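The values are calculated or read from the model by the stated rules, or taken from the named source; none is laboratory data. Since we're looking at a predicted model, the values are computed, not measured. Counting neighbours? That spans all protein chains shown, and the Cβs are built from the backbone with ideal geometry, glycine included. When the accessible area is computed, the model is the full protein with side chains, heavy atoms only, and any ligands, DNA or RNA have been set aside. Shrake-Rupley method; radii C 1.70, N 1.55, O 1.52, S 1.80 Å.
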Amino acid sequence: MNSRSENTYEKLQRIRYQLQTAEEDYEKHKKEMENLKEAQENHAQLLNRSKQLLDELNTCWQGDSAQQFLIESQDAIFQEEKKMNESFYNRYDEMQKEKKEAERHILEIENNYRETAREDKK
């Protein structure tokens, strides 16, 4: 090989490594998004179970103090649900932006690879 071909070959190897790393990061990010969604679903299930327990408690426990407790508990669950949903959607939006950035980075690396390969053929 001549030195130009060797130089191009080394560049292509570096670019392949960058691409592999970027793709691994993308897959890791994809898994994190799946984990976030699963955590949100689990949290929603727990909140729903809390609501069910309060409904059951409402049928068994009567009186002013019971009603006050139930109202406060329902409000606390509602506030927790609201906070969690806001947090989830904010993080999900951030992760979507990160995903697009990772996709853009992969495309840049692929284009760089093609350009470097074409330069060697000239």
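Observations on the structure shown:
- Whichever residue in the range 27-46 is more than 16 Å from N85 (Cβ to Cβ) and among the acidic types (D, E) and, among such residues, is surrounded by the most Cβ atoms within 10 Å (Cβ to Cβ): E32
- Going through (1) modelled with pLDDT under 90; (2) under 19 Å from the mean Cα position of the chain (by Cα) one by one, Y89 falls short only on (1).
- Residue match in the range 74-95 (condition: surrounded by 15 or more Cβ atoms within 10 Å (Cβ to Cβ) and among the small types (G, A, S)): no
- Odd one out for R114, checked against (1) part of a helix (DSSP H, G or I); (2) open to solvent by 60 Å² or more (accessible area, probe 1.4 Å); (3) more than 30 Å from R14 (Cβ to Cβ): (3)
- Restricting L36, L107, L19, L57 to those that are over 27 Å from the mean Cα position of the chain (by Cα) and part of a helix (DSSP H, G or I) reduces the list to L57.
- I71 touching a helix residue (DSSP H, G or I) at 6+ places or on another chain (Cβ under 7 Å) and either aliphatic (A, V, I, L, M) or surrounded by 10 or more Cβ atoms within 10 Å (Cβ to Cβ) (or both): no
- Beta carbons closer than 9 Å, at least 6 apart along the sequence or on distinct chains, never pair a first residue in the range 32-58 that is in contact (Cβ under 8 Å) with a residue 60 or more places away in the chain with a second that is surrounded by fewer than 13 Cβ atoms within 10 Å (Cβ to Cβ) and of a type in the set (A, V, I, L, M).
- Scope the range 1-60; condition of a type in the set (S, T, N, Q) and closer than 27 Å to H105 by Cβ; matching residues: N7, T8, Q13, Q18, Q20, T21, N35, Q40
- Among the residues of the range 14-25, the ones that are under 18 Å from K99 (Cβ atoms), open to solvent by less than 50 Å² (accessible area, probe 1.4 Å) and in contact (Cβ under 8 Å) with a residue 12 or more places away in the chain come to 2 in all.
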